[in-house]
Amino acid sequence: MELKVENRAGEIAVVRLAGRLDLLSAADVKQRLSKAVSDGRRRLVVDLAEVGFIDSSGLGALIGGLKAARLAGGDLRIAGAGDQAKVILELTTLDRVLRPYSTVEEALSGY
Amino acid sequence: MTASFARIVQLRRPCLATSARALAQETLEISATPAQLGAIHDAMERFWRAVDNVSGCSPDHVWRLKFETAVGEIGANIARHAYSHGKEGPMRLRLSLYADRVEACFTDWGLAFNDSSRPSEVVGDDVFDVPEGGYGLAIARAALDRLDYRRTPRGTNSWRLVKRFYE
């Protein structure tokens, strides 16, 4: 899985993921999200537009990143979720705590 | 759950065959490790192409994604738990299309699955009450019509995942 962090103004970072967010990649993604928060980027937007598949381990990484951001007084938003990501968010009802935004721009609006 | 994700009936028209013989099949044997899980999704893609070649069978996109998500969860569960203590071993997957359903059958030769753990669930909107793991079997059960696990007398683990075209 590829992961790029783009720092933006106002403690915001856009984290762009590409590939499969699964058991193989989840621990690294969670660690990178937590590091972005500890580096002062406490408001994260995770761009899922290039993520083809997410499993429960991948969801756990996003929940872990969200907890790290909230503990620092920030937040984590997900954007560009594909159909499979929406399916697994609905099956788990985790869309209640990880509300999908259509685009990165929408997620950044008013952040 | 929104209406678009609640749809079950997905076929443009019913499959023509009625026998119990599989109309299309894809098999895969890999090492049960996280690094090999991508091969399951490659096999799924080959399976859907085979399904599309069967006259009359064209399951809906979201219906397919639910089946794929369930297959991915059980595959990951085997990769994580079947062979512990640094040992590696194989897992076998057989994907089958029947007239009224698709099935995935996993076999591994590892430790017996321990079903005593309580599956995670989201009970509120406070993220600090939300577990970071333990959703796999709940996801598979929610996405499928049937999920069976059996420890065989030969000491293998057998998982059967069933998703029907009709309610």
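Read the figures in this text as sums done on the coordinates, not as results from a lab. None of the values given here were measured: they were computed from a predicted structure. In this analysis, Cβ positions are derived from the backbone assuming ideal geometry, glycine residues included, and neighbour counts consider all displayed protein chains.
Descriptive notes on the structure:
- Residues in segment B:59-104 that are over 13 Å from B:Ser31 (Cα atoms) and basic (Lys, Arg) were compared, and the one that is nearest to the other protein chains (Cβ to nearest Cβ) is B:Lys66.
- Helices (runs of 4 or more DSSP H) wholly inside segment A:26-111 that include at least 1 residues being surrounded by 22 or more Cβ atoms within 10 Å (Cβ to Cβ), free of Cβ contacts under 8 Å to residues at least 12 places away in the same chain and within 12 Å of chain B (Cβ to nearest Cβ): A:83-92
- Total residues in segment B:24-47, condition in contact with a helix residue (DSSP H, G or I) (Cβ under 6 Å, 6 or more places away or on another chain), in a helix (DSSP H, G or I) and more than 9 Å from chain A (Cβ to nearest Cβ): 2
- B:Val51 vs. criteria more than 14 Å from chain A (Cβ to nearest Cβ) and either of a type in the set (Val, Ile, Thr) or part of a loop (DSSP other than H, G, I, E, B) (or both): yes
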